[in-house]
Structure formats: C-alpha cells, structure tokens
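Written below as structure tokens is the structure these notes are about.
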Amino acid sequence: MKITPLGIWGGYPKANSATSSFLIEHDGFHCLIDCGSGVLASLQNYLPLDQLDAVVLSHYHADHIADIGSLQYSRLIQFYLGAQNSILPIYGHVYDEDEFAKLTYKEQTMGVGITEADVLSIGPFTVSFCRTVHPVYCLATKFESGGRSIVLTADTEWCDDLVPFAQGADLLISEANLYEEHVGKAPGHMGGSEAGKLAEQAQVKQLLLTHLPHHGEIREILSAASSTYSGPVEIAEVGKVYF
C-alpha cells in the first residue's frame, strides 16, 4: 500500500499546484481521494487518467470536487476515441442530492453513496468513515489493507470521534489549515497543534500535514504539530511516495 500527495493546499491551488488530494494504490488498484482544483493535472504526472479505478470524495466543497467534471469529460473523450473503459465509481455522501446526482455521468462515471456507518470493500482496501466537524457534511476516511492503515481527516475542526477512528494508524494525514492564533476562530478547520494532538492521542506512527493556508510561514504549522506530537511529522510533499 502506498499513497502519493497530489496537492496540499486548502481553498484554491497555488500557481502550478493543486488543492489537497491523494492517490492511494495497492495490488495494481488506483484510488483518488478528493478531486479539487488542479488535481487532474497533477494526477497525470503519476498515473494515466484511464487507469484510475475509483474516486472517494470527502465532501462537496469546490476545493475537493472542482475537477470531477473534467475527469468525467476525459473519460467521455476516450470513449469517443474507442476506449472500452469500465464505469468509474465515485464514492460520495448522499446528503446533498444535487451534488451526489452529478457524480453519475453518461455511463462513464457512477455515484456510489456513502455514510459514516459504512464499511466498504473498494478494490483491495477496506474503507471506513467518520463524520467530521465542518460547515457541510464531511467524512474522514480510513483505508486498510495488508495489516496497515492510513487515515485522512478531510476538513474538520477538533473532533473527539477522530481519536478512536485513527487509533494506531500507520499514517495519519491531517488537515492543518490554521495558524495557532486562528485556532477556534475559523469554523471547520484545525491548527497544527490540534493535528499533533490528534496524532498523539491516537498513537499513530506518522503524521502528514495537508490542506494548508496560502499566507504566512508554513513551517510554523509544522512546528506547532511537533510541539504536541512526539512521533515523526512532516508537511505532505507532492509526488513523494509514503510507504
């Protein structure tokens, strides 16, 4: 099992980059986690689009779904050119009917509903979910395979339920969108110290920080996470393979 960051920014991408998104792979199966602005361009550095096997969406804010339409259209173009790709499943929650309906497109992609109660087999992965604290319905995800686990918090402010959900994970990928002076003042997001606190309480083996802000000195967020987590922590690096 390996995971590669495709983008690390929250809200919108910096120049020549992408919003927070990851490619997780195992046994020849390729799953995209979130598909915001710039993600499709980044993904093609590591995988041809027609080799993607599944997409899992945490929620329907634009920085997590902006490139879904382009992904769907890419498959339609390949179909017109004679490709015989199977229908691509896109997993998304069912509590926004309009957005969920958009996941199904011209026999190229199919929306598959998910809730926090589900435990699914997606390719070689066992995937489970935990609702986060965000202005819209949003799901953290856990991918397990071969005795290893990766947990992604998605967008959230501090959430007690994430501690048991992430317990003992080999890798925790946590949002860290806030500098410490903004913690508790911006709904739906965490600071570095809270990401570190989550990693420490859940006793995870490694912490990656993502969904970062565009202003300030990012290393301050890394330092804040290191102050509350005793294990290895780093800013997620686009293109670096973890595991």
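One residue stands out in segment 64-114 among those that are open to solvent by 30 Å² or more (accessible area, probe 1.4 Å) and of a type in the set (S, T, N, Q): the one that is farthest from Leu49 (Cα to Cα), namely Thr104. Hey, any hits in segment 128-137 for a residue that's in contact with a Lys or Arg (Cβ under 9 Å, 6 or more places away or on another chain), on the phi < 0 side of the Ramachandran plot and open to solvent by 30 Å² or more (accessible area, probe 1.4 Å)? There is no residue in segment 128-137 that is in contact with a Lys or Arg (Cβ under 9 Å, 6 or more places away or on another chain), on the phi < 0 side of the Ramachandran plot and open to solvent by 30 Å² or more (accessible area, probe 1.4 Å). Looking at segment 199-218, is at least one residue in contact with a Ser or Thr (Cβ under 9 Å, 6 or more places away or on another chain), part of a helix (DSSP H, G or I), aliphatic (A, V, I, L, M) and farther than 22 Å from Asp63 by Cα? Yes, because at least one residue in segment 199-218 is in contact with a Ser or Thr (Cβ under 9 Å, 6 or more places away or on another chain), part of a helix (DSSP H, G or I), aliphatic (A, V, I, L, M) and farther than 22 Å from Asp63 by Cα. As a summary of the residue check, Leu23 satisfies the conditions (1) in contact (Cβ under 8 Å) with a residue 12 or more places away in the chain; (2) in a loop (DSSP other than H, G, I, E, B) except for the one numbered (2).
Close Cβ contacts (under 7 Å, 6 or more residues apart or on different chains) running from residues in segment 212-234 that are within 22 Å of Ala15 (Cα to Cα) to residues that are among the basic types (Lys, Arg) comprise His214/Lys14. Of everything in segment 158-184 that is closer than 15 Å to Gly216 by Cα and part of a helix (DSSP H, G or I), the residue that is least open to solvent (accessible area, probe 1.4 Å) is His182.
Against the numbered list (1) part of a helix (DSSP H, G or I); (2) over 24 Å from Val133 (Cβ atoms), Ser17 comes up short only at (1). Against the list (1) open to solvent by 10 Å² or more (accessible area, probe 1.4 Å); (2) within 24 Å of Thr126 (Cα to Cα); (3) at pLDDT 95 or above, the condition Tyr229 fails is (2).
Out of everything in segment 14-24 that is of a type outside the set (A, V, I, L, M, F, W, C) and crowded, with 23+ Cβ neighbours inside 10 Å, what residue ends up being farthest from Thr126 (Cα to Cα)? So, considering only residues that are of a type outside the set (A, V, I, L, M, F, W, C) and crowded, with 23+ Cβ neighbours inside 10 Å, the one farthest from Thr126 (Cα to Cα) is Thr19.
Under 24 Å from Ile65 (Cβ atoms), touching a Gly at 6+ places or on another chain (Cβ under 8 Å) and surrounded by fewer than 23 Cβ atoms within 10 Å (Cβ to Cβ), is that true of Pro187? No, not satisfied.
Of all the listed residues (Leu178, Leu171), the sole one being of a type outside the set (Lys, Arg) and under 15 Å from the mean Cα position of the chain (by Cα) is Leu171.
Let's see how each residue does on (1) in contact with a Pro (Cβ under 7 Å, 6 or more places away or on another chain); (2) closer than 24 Å to Phe143 by Cβ; (3) of a type outside the set (A, V, I, L, M):
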position	(1), (2), (3)
Pro164	no, yes, yes
Gly168	no, yes, yes
Pro187	yes, no, yes
Met190	no, yes, no
Ser193	no, no, yes
Leu209	no, yes, no
Ile235	no, yes, no
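Just one residue in the set Ser17, Ser37, Ser74 is of a type in the set (S, T, N, Q), closer than 17 Å to Glu237 by Cα and modelled with pLDDT of 95 or more; that residue is Ser17.
Candidates in segment 38-49 are the residues that are surrounded by fewer than 17 Cβ atoms within 10 Å (Cβ to Cβ) and touching a residue at least 40 places away in the same chain (Cβ under 8 Å); of these, the one that is farthest from Val241 (Cα to Cα) is Asn45.
Of all positions in segment 30-37, none carries a residue that is over 18 Å from Trp9 (Cα atoms) and open to solvent by 50 Å² or more (accessible area, probe 1.4 Å).
The values are calculated or read from the model by the stated rules, or taken from the named source; none is laboratory data. Here the structure is a predicted model, which is why all the values come from computation and not from measurement. Note: ideal-geometry Cβ built from the backbone for every residue, glycine included; neighbour counts use all protein chains shown. Ligands, DNA and RNA are stripped out before the accessible areas are found, and what is left, the full protein with its side chains, is counted by its heavy atoms. Shrake-Rupley method; radii C 1.70, N 1.55, O 1.52, S 1.80 Å.
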